[in-house]
Amino acid sequence: MLRSRYRRILWFFARFLLNILWWDIILSRLGFRWLARRTRSKRMRGVAVRYRSLAIQMGGVMIKVGQFLSTRLDVLPIEITSELTGLQDEVRPEPIANILNVFQAEFKQTPDDVFEWFETTPLASASIGQVHRARLKTSSTELFHTVVVKIQRPRIDAIIDVDLSALRVVGSWLVRFTVVRKHADVPGLMEEFSRTLYEEIDYIHEAKNAERFAENFKERPDCVVPRVAWDHTTRRVLTLEDVYAIKITDYTGIEAASIDRSEVAARLVDTYFKQVFDDRFFHADPHPGNLFVTPDGEKDANGHQPWKLVFVDFGMMGIVPDYLSGGLRELLIAIGTRDSARVIKAYQMLNVLLPGADLDLLERAGTQVFEHFWGKSVPEMASMHQEEARMFVREFEGLLYEMPFQIPQNFILLGRCASILSGMCSGLDPSFNVWVSIAPYAQKLIREEVTTGLDFWLKQLLEILRTLAALPQKTDRLLNRLERGKLEVQNRDLKLQMTRIERTQRRLTGAVFFAAFFIGSVQLYLAGDQFLAGAAALASLLSLGFTLFVRRPNL
C-alpha cells in the first residue's frame, strides 16, 4: 500500500512536469508559443482540479501540500493557486474501531474508563487525525468536563515518511526548472515544510502552543483559547476544553445570533496584527474550521450583542524572527503612510528582492498602486474600469514579466495566513477595506517608533546627512559624463522587448531549418538514398537543438 502511494505521487507530478516541458518549453521554442498560451489556462486549471481530487482521496501530506501550493503566487500560475485556495483538511473519517485502538494503545484504557460519554461520530476529520466530542468523568480533577479529543490516524507516521520521500524526489526535479530555482529555495522549503509537519503530529507540542497562545491573550477577554487536559494528552492524543461554537463562515448563524459580521472581520484582523507584531507568534492555519464566534451574555441597552472570537487547532503556528519583524513593521508603516520609497526599503529588509531588481521601476509601480487602489474596498477594486487596469499593465509590463521577487521560507506561513484572512474578511464584510484596517496599526507603530527617542531622530538625521554628503559627488559625475557626451538613458522595457524579438527570430530561423532538413531526410529515405537521408536527419537534429536550447542573452 505504501509503495503504491509513493508511485502514485511521483506519477502525478511527473505527468505535470512533462506537460509543462512539452507545452511551455518545447512547443514554445518551436514557434508555437501562441498555442501554448491559448491552452495554458485550461491546462493549469485541469491540473489543479486533478490534484485537489487526488489530495482528498489520499489525505496524509497531500492536502497540506495543496494548501502550501495555494500560497505560491510567486511560482505557480493563478489558475492553480485559486483552485487550491479552498482546499481544506477534510477527508473521509477513519473507522471508529481503528481510532479507539490508538486511544487504548496510548492510555492502556478504553474510552469508557475515562469518559462519561464519547461520540463515535467525529466532529471533524482531517488528514492527520480526527476530533470527537466527549465528557470527562466527574472523578476527574480537571476544571472542565466537556472536551474534544483529537486522536491520530493509525500509521500516520509511516504515511508521512512515504509522502515526504516522494516529495523530495519531486523537489529534485523542480530545481531543474530555472523559473522555480530563481524564485524559490526548493530544498530549504522542503526542510521547513517537513519540520512544520513533524511538529504538527506531535500533540504535546500542539498543547504547549495552545498554552503559549492563551498566555498571549490572557488580557483579551474578547478572545477564547481552549484549556488543555494534560492528564489525557499524549503525543498521539490531545484533549482540550470544548469551545466549539458558530463557525466563522456560517454567516446565517452569525446574523441569527445578532452579531455584526463587520465587527467580526475587524476583530479578526486586529488579533492577527497583535499576534504578528506584538507576540511574534501567530496561528498559521486560520481556515473556517479553526475559527468560531460565540455570543457572550445578554444584549446591552442599545441591542448590541457581546461576543467572543474563538481559536482552535494549534498544530501549525508561525514564529516571526527579528529580521522579519523589522521588515514587516517597516512595510506596514510604508503602506499606512503611502510611502512607496519606504515600501522598497521594507522589501530590502525582508530580503524578498532578486539581485538586479529595478528599484526605481518598483517604486514607480508602488506609487501607482497607491494612487489607483488606496482607500478602495474589495468590491470597488474588483469593479475598477478595465481600461485603467490595462494602462497599469502596459506601463509595468516589463516588471510584471520579470517578477523580481523571491519568497524566503520564513515568509511562507505568514503569506498563506494573510491570503486566507483576506478572503475570510471579505466574506464576512463585502465592503471590507484593508486600508482602513492597516492605517490605525501603522499609526500605532509610528508612535512607538517616534517615542523611542534619541535613537529614532539620530537615525533620521544620519540618513539626511548621508544623502547630502553624496550629492556633490553624484552631481560632479553627472556633469562630467554630460560634457564627454557619455550620458546614457536606460529603458529597461524597450531592452526587454528587443531581446525577446531577437530571441524569437533566432528560434524561428532554427524551426524553419529543422522543418526543411526533416522533410528532406524523409524524402531522401523514401527515394532510397540512406546516406544523404541520414545526413539530413542529423542536420535537422542540430537545428532542433539550436531552436530548443538557444541561450537567452544577459540583460
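The values are calculated or read from the model by the stated rules, or taken from the named source; none is laboratory data. From a predicted model like this one, the values you see are computed outputs, not experimental measurements. Heads up, the Cβs are rebuilt from the backbone with ideal geometry, glycines too, and the neighbour counts pull from every protein chain shown.
All of 318, 327 fail the test of being assigned to a helix (DSSP H, G or I), surrounded by 20 or more Cβ atoms within 10 Å (Cβ to Cβ) and of a type outside the set (A, V, I, L, M), apart from 327.
Restricting attention to the stretch 4-30, the residues being at pLDDT below 90 and touching a helix residue (DSSP H, G or I) at 6+ places or on another chain (Cβ under 7 Å) number 10.
For the stretch 100-109, does any single residue satisfy the condition of being closer than 30 Å to residue 177 by Cβ, out of contact with any helix residue (DSSP H, G or I) (no Cβ under 6 Å at 6 or more places or on another chain), of a type outside the set (S, T, N, Q) and part of a loop (DSSP other than H, G, I, E, B)? Give the steps one after another, and end with the answer.
So the first thing to find is which residues in the stretch 100-109 are closer than 30 Å to residue 177 by Cβ, and the list is none.
No, the stretch 100-109 contains no residue that is closer than 30 Å to residue 177 by Cβ, out of contact with any helix residue (DSSP H, G or I) (no Cβ under 6 Å at 6 or more places or on another chain), of a type outside the set (S, T, N, Q) and part of a loop (DSSP other than H, G, I, E, B).
For the stretch 291-305, the set of residues classified as assigned to a loop (DSSP other than H, G, I, E, B) and surrounded by 13 or more Cβ atoms within 10 Å (Cβ to Cβ) consists of 296, 305, listed by residue number. Put simply, of 315, 289, 326, 336 the only residue that is at negative phi, touching a strand residue (DSSP E or B) at 6+ places or on another chain (Cβ under 7 Å) and of a type in the set (Gly, Ala, Ser) is 289.
Could you list, in sequence order, the residues of the stretch 237-290 that are part of a strand (DSSP E or B) and within 19 Å of the chain's Cα centre (by Cα)? Passing the criteria: 281, 282, 283.
So is residue 308 closer than 25 Å to residue 261 by Cβ and at pLDDT 90 or above or not? Step through it out loud before you land on a result.
On the way: closer than 25 Å to residue 261 by Cβ: yes; at pLDDT 90 or above: yes.
It is true that residue 308 is closer than 25 Å to residue 261 by Cβ and at pLDDT 90 or above.
I'd like the full set of residues that are touching a Phe, Trp or Tyr at 6+ places or on another chain (Cβ under 8 Å) and surrounded by fewer than 18 Cβ atoms within 10 Å (Cβ to Cβ), limited to the stretch 84-108.
Step one: of the stretch 84-108, the residues touching a Phe, Trp or Tyr at 6+ places or on another chain (Cβ under 8 Å) are 84.
The answer is none; no residue qualifies.
Annotation: residue 124 fulfils all but one of (1) in contact with a helix residue (DSSP H, G or I) (Cβ under 7 Å, 6 or more places away or on another chain); (2) free of Cβ contacts under 8 Å to residues at least 24 places away in the same chain; (3) small (Gly, Ala, Ser); the unmet one is (2). The lone criterion from (1) surrounded by 14 or more Cβ atoms within 10 Å (Cβ to Cβ); (2) within 30 Å of residue 264 (Cα to Cα); (3) basic (Lys, Arg) left unmet by residue 218 is number (1).
Looking for whichever is touching a Ser or Thr at 6+ places or on another chain (Cβ under 6 Å) and either modelled with pLDDT under 90 or assigned by TED's automatic domain parsing to the domain that holds residue 195 (or both) here; the options are 102, 91, 65, 114. Which one fits? Before you say what the answer is, go through the steps one by one.
Working: 102 fails: touching a Ser or Thr at 6+ places or on another chain (Cβ under 6 Å); 65 fails: touching a Ser or Thr at 6+ places or on another chain (Cβ under 6 Å); 114 fails: touching a Ser or Thr at 6+ places or on another chain (Cβ under 6 Å).
Answer to the check: 91.
Only one of 158, 207, 214, 166 is touching a residue at least 12 places away in the same chain (Cβ under 8 Å), in contact with a helix residue (DSSP H, G or I) (Cβ under 6 Å, 6 or more places away or on another chain) and assigned to a helix (DSSP H, G or I). Can you tell me which? Write out each step before concluding.
Values: 158 fails: in contact with a helix residue (DSSP H, G or I) (Cβ under 6 Å, 6 or more places away or on another chain); 207 fails: in contact with a helix residue (DSSP H, G or I) (Cβ under 6 Å, 6 or more places away or on another chain); 214 fails: in contact with a helix residue (DSSP H, G or I) (Cβ under 6 Å, 6 or more places away or on another chain).
Of the residues listed, the single one that is touching a residue at least 12 places away in the same chain (Cβ under 8 Å), in contact with a helix residue (DSSP H, G or I) (Cβ under 6 Å, 6 or more places away or on another chain) and assigned to a helix (DSSP H, G or I) is 166.
Among the conditions (1) exposed (fewer than 15 other Cβ atoms within 10 Å of the Cβ); (2) of a type in the set (Phe, Trp, Tyr); (3) within 25 Å of residue 416 (Cα to Cα), the only one that residue 12 does not satisfy is (1).
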